[in-house]
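The values are calculated or read from the model by the stated rules, or taken from the named source; none is laboratory data. These numbers come from a predicted model, not from an experiment. Here Cβ is always computed from backbone atoms with ideal geometry, including for glycine, and neighbour counts include all displayed protein chains.
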Amino acid sequence: MPGRGPRSSRRDPWRVFKYSPRAEVLNRAGGRCEGAFILFWGRCGNAAAEADHVFPYSKGGPTVVSNAQALCKSHNLRKGNMIPPWWYIRGLEKRRHSYFPEGSDVRVFAVMTAEDVGARERPSGRL
Ligand SMILES: [Zn+2]
């Protein structure tokens, strides 16, 4: 999907979602996995276990909430290091309309904001 992927291959110094970003990713999904049953465009019924990168970290996807999805253990295991095809992102965003909190942005952006960059430069390394 043009314009949504990482703008550089430089890796985010933050490897994993933790503390408040992780909580935010799991909460906006209602604690449930955002993975799909591909055939029906339905949503996985399992509890979310992990905050996962939509655009893989190894492919330059930053550790930001806009590049995150809540996944159950099995969806997390099944997902390799593939860059997601456009239809995967479209499906995810479409499903999100039914469960994201009112006013939340359902779109995936694997891009760091100025605020994200600033947080990484702060010596404490915390948001
Ligand atoms: Zn799942």
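Tabulated values for the structure
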| read-out | value |
| --- | --- |
| Index of the failed condition, Ala36 passing every other in (1) hydrophobic (A, V, I, L, M, F, W, C); (2) touching a Phe, Trp or Tyr at 6+ places or on another chain (Cβ under 9 Å); (3) modelled with pLDDT of 90 or more; (4) within 12 Å of the ligand (Cβ to nearest atom) | (3) |
| Qualifying residue in segment 9-26 (condition: over 29 Å from Pro123 (Cα atoms) and surrounded by 13 or more Cβ atoms within 10 Å (Cβ to Cβ)) | no |
| Which listed residue, of Val54, Val64, is out of contact with any Leu (no Cβ under 8 Å at 6 or more places or on another chain) and not small (Gly, Ala, Ser) | Val64 |
| Segment 68-91, subset among the polar types (S, T, N, Q) and within 13 Å of the chain's Cα centre (by Cα), residue surrounded by the most Cβ atoms within 10 Å (Cβ to Cβ) | Gln69 |
| Qualifying position, being polar (S, T, N, Q) and part of a helix (DSSP H, G or I), among Ser98, Ser104, Ser58 | Ser58 |
| Check on Ala119, among the small types (Gly, Ala, Ser) and modelled with pLDDT of 95 or more | no |
| One residue from Lys18, Lys94, Lys59 being more than 12 Å from the ligand (Cβ to nearest atom), modelled with pLDDT of 90 or more and within 13 Å of the chain's Cα centre (by Cα) | Lys18 |
| Segment 31-55, residues that are in a strand (DSSP E or B) and either farther than 14 Å from Glu93 by Cα or of a type in the set (D, E, K, R) (or both) | Arg32, Phe37, Arg43, Ala47, Glu50, Ala51, Asp52, His53 |
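Here's the yes/no breakdown for (1) of a type in the set (Ser, Thr, Tyr); (2) part of a loop (DSSP other than H, G, I, E, B); (3) in contact (Cβ under 8 Å) with a residue 40 or more places away in the chain:
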| position | (1), (2), (3) |
| --- | --- |
| Trp14 | no, yes, yes |
| Ser20 | yes, no, yes |
| Ala70 | no, no, yes |
| Lys94 | no, no, yes |
